[in-house]
There are 2 protein chains.
Amino acid sequence: MKIVLIIGDGMADRAVEALGFKTPLQVTEHRNLDALVRNGSSGTMDTIDAGVAPGSDTAHLALLGHNPYEIYSGRGPFEAAGVGIEVRPGDVAFRANFSTVDANNIVIDRRAGRIKDRTAELAKDLNMKIAGVQIICRESTGHRAALVLRGKGLGHNLSDTDPHKLGEKVKTAKALDKRSAKAAKVLNEFMKRSRAILETHPVNIERKKQGLPPANSLLTRGVGVVPTIEKFEEKYGIKGSCVCGTGLIAGVMRACGLETILVPKGGDLDSDLIAKANHAISLLKTNEFCLLHVKGTDNRSHDGDVEGKKKMIGKLDEMIGFLTTNLKEDAVFAVCADHSTPLEVRDHTADPVPLCISGRQVRKDGVQRYDEISCSKGALGRIKGTRLIHILLDLAGKSKLYGA
Amino acid sequence: MKIVLIIGDGMADRAVEALGFKTPLQVTEHRNLDALVRNGSSGTMDTIDAGVAPGSDTAHLALLGHNPYEIYSGRGPFEAAGVGIEVRPGDVAFRANFSTVDANNIVIDRRAGRIKDRTAELAKDLNMKIAGVQIICRESTGHRAALVLRGKGLGHNLSDTDPHKLGEKVKTAKALDKRSAKAAKVLNEFMKRSRAILETHPVNIERKKQGLPPANSLLTRGVGVVPTIEKFEEKYGIKGSCVCGTGLIAGVMRACGLETILVPKGGDLDSDLIAKANHAISLLKTNEFCLLHVKGTDNRSHDGDVEGKKKMIGKLDEMIGFLTTNLKEDAVFAVCADHSTPLEVRDHTADPVPLCISGRQVRKDGVQRYDEISCSKGALGRIKGTRLIHILLDLAGKSKLYGA
C-alpha cells in the first residue's frame, strides 16, 4: 500500500469578494478532487497551529512530522540543501543574492540586472577556506545562490549583510550572541574577499563590456543552522520521495531524507503537472511514500490573480485524475494545502487548510466536495499538520502499535 | 482593521429542563448575533482545555493568549490590579473582606453587615510596613478589599485567614512551604495590628453608634503571586483595550497591559450595555483590539434565573446591533463566552462555549444561528482558548509569518 500526499501550495483561501465571498476551491469545478473526497474522510488542518501563518518551509517540516519549533532557525539551510549542497548538521547557511554595488559598496541593483547565466562560474570561484572554516557557495535560479560556512565553533545568530534596500551600503554582519562571533568574523572576511574576486571575474568583465550590471557582490540573509533531522526512513521505516517545484521545498525534503525530484519548469500556469505525476508514479516504484508538491496555486495567489488561481486548481485536478488512473498500486491519497494564501491578502495566512484522505478502507464520511467549508464538515475534524503523516502511515498499514 | 472580541460571561449553558432541554441561547431570539454568525465561521471553544471548568480570571488570561497554568497562582493579584493597585511581579496579593468579629476573634459577620460606605477610610489606615515589607490595602466594591505584601523573600504558599464559616475564629496564616515563612509571619503580624486599628477606627465607632456591625477585621483568601506577564503591545505589536463589568476582569486586563475601562454599574439586568458599546467604539479610535466583557449573563446563571438569563442575552444582542451599526472602522468580530455557567448548576462548568468569528474576508460556513449546537457544526471546529487571539490577529492582517 503506497501513500501519496498531494500539496497545493497556498491553495486554501478566504471569502473572496470577486467570487461572491466564496473561495476559489468553492467556485471551481474539480471532479477528480471530489472523487477522492467521496471515497474517504475530510477535515481541516492547522499545519503548524491555529492562528500561525506558516512559511512553506516550516509547513513542509510539519507535514513530514517534524516540530519546526524544535529544528527551524531560518531558511538558509533548506535553500542550501535545495541547490544541492550536502549540508551537515551544524553548518551555518544563508540565502544569497548576486547583486551590483558601486565602489563604496552601495547597492545599486539587488539582483544584478536579474542575472541568469554563468552564475555557476561565479559561485565556483567563491569556494574558499577562512580561519579553518570551509565556505561553500552554490548558484540557484536567476540571481539567487546559497552560502554555507562549515567549521567548528560557529553560531548562527548573525545579522544580514543584505541591506534590503537600494542606495544603502552592504552591511557588516553582526554577531547577535557571543557564540556567533567567529561566524560573523569569517563571514565579513568572506564578504571582502568575494567582493574582490567578483569585481575582476571574467564573467563580470564580459557583463560590463555588454553594458550589463556586474554581479560584483553577494548579499546574505535568511541565516540558519542546519539541524539534526531524523531521516524519513529511520523515522518511519519506509522509503519516502518527493516531486516539487521549488528549491526551498526540495531542500526541506532532502534535509528530511526524501528522494527528491525538483522539476525545474514548475511553479506556474505553464507547469507540466502530468510530467510531475509521471515522476511520482515512477518514484513510487521504489518508494512507499511520495509527496507531490504543486507551486502554481501559491504563485497565482501572491499575484492576486483570481482566474489564474482557478485555472491552476483545474490543472491540479487534472493531475490528480491522471495519477489516480495511472498509478497501478493500491494507495492512500491525501490532498491538502501547506497553508492558505488568500487572493485578497496576497500572502500566507493562518486559516486552516482543507484536507481529504482517501482510500479503499478509509471511512466514507459523506462529504461531496473538496473545499474549505465542505471539508470542515467531515469526519476528520480539525487536526494539526504534524499528525497527518502518522495518520497516513496508519491507514497504509505502516504504523507501529503503541502498547500491547 | 480592528478586532472586537465580545464575551458574554457564563453565557453558554447545558440542556435546561425548564426550556424543554434546550439552552437559553437556543430558545432566545438574537438576530444581531445571528447576523454575525452568517457573515463568518463558527465553532466551539475550550477556554482552558476540554473538561476544565475555568474561572473568569484564568479564562480571560487564556483568551489573551497566556497559558494560565504557567502564570496563575491565585485570584489575589488580579483583584489587587482590578482595584487599581499598581502591582509588581513578585508581589504577594490577597482578596480580603471587611468582616465583624467578637472579642475572641470569632467571625460574627463575614461581610460586616454588607458595609458599603467609607471602606476607603478604613483601607487607607491599614497601609504600613512590617519587617521591611510594604503592605498595601485598597477597598473594592462593598465589603471587599485587596491586600498586597511587597518585599524581598516572600513566598505565596499561605493558608487563608478567612475561616469561610460563621462562628469560627479568624485563622492564623500558615506557610505551606519554607519559602513562604516570612510572608506568613508578616501577614499574621498585620492581622494583629490591623485588628487593633480597625477596632478603634472612627468609622467603626460611628457604625457602632448607629447599631451597625463594625468592620473590625480583615479576612484574607485567594492568595497568589503577581506573575511577570508580557504586555499585550509587546506580545502582539498592537494596542489593546477592554471594557468590562467587574474588578477581577479589569485586574486581569490591566495586568496584561490593556487600556481598561471598568464600568461601575455593570454586572446585571440594569447594565447600560449601550454605554459599554460606546466606550468600546471610543477605545477603538486609539486601540486596534477591544475586549468587551458583559457580566450579567453570568450573574443570572449563578442565580438560576432562567428568564433573567434570556433577557440578558437579548440585551447583549442589542449591544451587538448597536456596535456593528456604529463602529465605522472595518473590523473582525468574535463572540464567545469565557465559560459555561449552566442555569441548573449555578456555577462554572467545562462545557465548551460557542464561538463565532465574523468579517468580510472570513470564510462563510453556512451556520445560521448563534447557539451551542449550531456553532458546533461550523468550520472552526473545536479550538482552544489560547489560540483565539492568534486567529483574530491573523484575520485582521496582524500576524507574523513563521518561516519563509
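So, in region B:354-374, of the ones that are under 29 Å from A:Ala62 (Cα atoms) and out of contact with any Phe, Trp or Tyr (no Cβ under 8 Å at 6 or more places or on another chain), which residue ends up farthest from the other protein chains (Cβ to nearest Cβ)? So, considering only residues that are under 29 Å from A:Ala62 (Cα atoms) and out of contact with any Phe, Trp or Tyr (no Cβ under 8 Å at 6 or more places or on another chain), the one farthest from the other protein chains (Cβ to nearest Cβ) is B:Leu355.
Screening A:Val345 on (1) among the β-branched types (Val, Ile, Thr); (2) away from chain B (no Cβ under 14 Å); (3) open to solvent by 20 Å² or more (accessible area, probe 1.4 Å) shows it passes everything except condition (2). Hey, does region B:351-367 have a residue that's under 15 Å from A:Ala350 (Cα atoms) and of a type in the set (Gly, Ala, Ser)? Within region B:351-367, not a single residue is under 15 Å from A:Ala350 (Cα atoms) and of a type in the set (Gly, Ala, Ser). Residues that are open to solvent by 30 Å² or more (accessible area, probe 1.4 Å) and under 25 Å from B:Ala250 (Cα atoms) are absent from region B:170-177 altogether.
When the residues of region B:24-33 are filtered to those that are open to solvent by 10 Å² or more (accessible area, probe 1.4 Å) and under 26 Å from the mean Cα position of the chain (by Cα), the one that is farthest from A:Thr23 (Cα to Cα) is B:Thr28. Could you please let me know if B:Ile320 is surrounded by 24 or more Cβ atoms within 10 Å (Cβ to Cβ) and at the interface with chain A (Cβ under 10 Å from one of its Cβ atoms)? No, not satisfied.
Taken as a whole, the condition of being touching a Ser or Thr at 6+ places or on another chain (Cβ under 8 Å) and under 30 Å from B:Ile229 (Cβ atoms) applies to B:Ala96. Residue under question is A:Leu187, and the condition is that it be touching a Ser or Thr at 6+ places or on another chain (Cβ under 9 Å), more than 18 Å from A:Ser217 (Cα to Cα) and either open to solvent by 20 Å² or more (accessible area, probe 1.4 Å) or modelled with pLDDT of 95 or more (or both); does it hold? No, not satisfied. Scanning region B:274-297 for residues that are touching a residue at least 24 places away in the same chain (Cβ under 8 Å) and farther than 16 Å from B:Val263 by Cα gives B:Leu284, B:Thr286, B:Asn287, B:Glu288, B:Phe289. Can you confirm whether B:Lys311 is assigned to a helix (DSSP H, G or I), in contact with a Cys (Cβ under 9 Å, 6 or more places away or on another chain), among the basic types (Lys, Arg) and at negative phi? Judged against the criteria, B:Lys311 is not a match. Out of all the residues in region A:35-50, which are over 29 Å from A:Glu233 (Cβ atoms) and either open to solvent by 10 Å² or more (accessible area, probe 1.4 Å) or among the basic types (Lys, Arg) (or both)? Result: A:Ala35, A:Arg38. Taking the condition of being on the phi > 0 side of the Ramachandran plot and surrounded by fewer than 22 Cβ atoms within 10 Å (Cβ to Cβ), how many residues in region B:2-23 meet it? Qualifying residue count, region B:2-23: 2. Scanning region A:348-363 for residues being assigned to a loop (DSSP other than H, G, I, E, B) and either modelled with pLDDT under 95 or in contact with a strand residue (DSSP E or B) (Cβ under 7 Å, 6 or more places away or on another chain) (or both) gives a total of 7. Quick check: is even one residue across region B:356-374 of a type outside the set (S, T, N, Q), within 24 Å of the chain's Cα centre (by Cα) and within 24 Å of B:Arg254 (Cβ to Cβ)? No, region B:356-374 contains no residue that is of a type outside the set (S, T, N, Q), within 24 Å of the chain's Cα centre (by Cα) and within 24 Å of B:Arg254 (Cβ to Cβ). Within region B:118-163, the set of residues being open to solvent by less than 10 Å² (accessible area, probe 1.4 Å) and without any contact (Cβ under 8 Å) to a residue 24 or more places away in the chain comprises B:Ala123 only. Scanning region B:375-392 for residues that are in a helix (DSSP H, G or I), surrounded by 18 or more Cβ atoms within 10 Å (Cβ to Cβ) and either more than 7 Å from chain A (Cβ to nearest Cβ) or of a type in the set (Lys, Arg) (or both) turns up B:Cys375, B:Gly385, B:Thr386, B:Arg387, B:Leu388, B:Ile389, B:Leu392. Of all residues in region B:68-90, none are within 20 Å of B:Leu248 (Cβ to Cβ), more than 18 Å from the chain's Cα centre (by Cα), open to solvent by less than 50 Å² (accessible area, probe 1.4 Å) and at pLDDT 95 or above. Taken as a whole, the structure leaves B:Asp330 outside the set of residues that are touching an Asp or Glu at 6+ places or on another chain (Cβ under 8 Å), more than 8 Å from chain A (Cβ to nearest Cβ) and open to solvent by 10 Å² or more (accessible area, probe 1.4 Å).
Taken over region B:394-404, the criterion of being more than 7 Å from chain A (Cβ to nearest Cβ) and assigned to a helix (DSSP H, G or I) is satisfied by B:Leu395 alone. Can you pull out every residue in region A:278-301 that is open to solvent by less than 20 Å² (accessible area, probe 1.4 Å) and out of contact with any strand residue (DSSP E or B) (no Cβ under 7 Å at 6 or more places or on another chain)? Once the filter is applied, which keeps residues that are open to solvent by less than 20 Å² (accessible area, probe 1.4 Å) and out of contact with any strand residue (DSSP E or B) (no Cβ under 7 Å at 6 or more places or on another chain), region A:278-301 yields A:Gly296, A:Asp298, A:Ser301. In this structure, does B:Val335 turn out to be over 29 Å from A:Thr58 (Cα atoms), part of a strand (DSSP E or B), of a type in the set (Val, Ile, Thr) and away from chain A (no Cβ under 13 Å)? It is true that B:Val335 is over 29 Å from A:Thr58 (Cα atoms), part of a strand (DSSP E or B), of a type in the set (Val, Ile, Thr) and away from chain A (no Cβ under 13 Å).
The values are calculated or read from the model by the stated rules, or taken from the named source; none is laboratory data. All values reported here derive from a predicted model rather than from experimental measurement. Glycine gets a Cβ as well: all are built from the backbone with ideal geometry, and neighbour counts include every protein chain shown. Heads up: the accessible areas ignore ligands, DNA and RNA and are worked out on the full protein's heavy atoms, side chains in. Shrake-Rupley method; radii C 1.70, N 1.55, O 1.52, S 1.80 Å.
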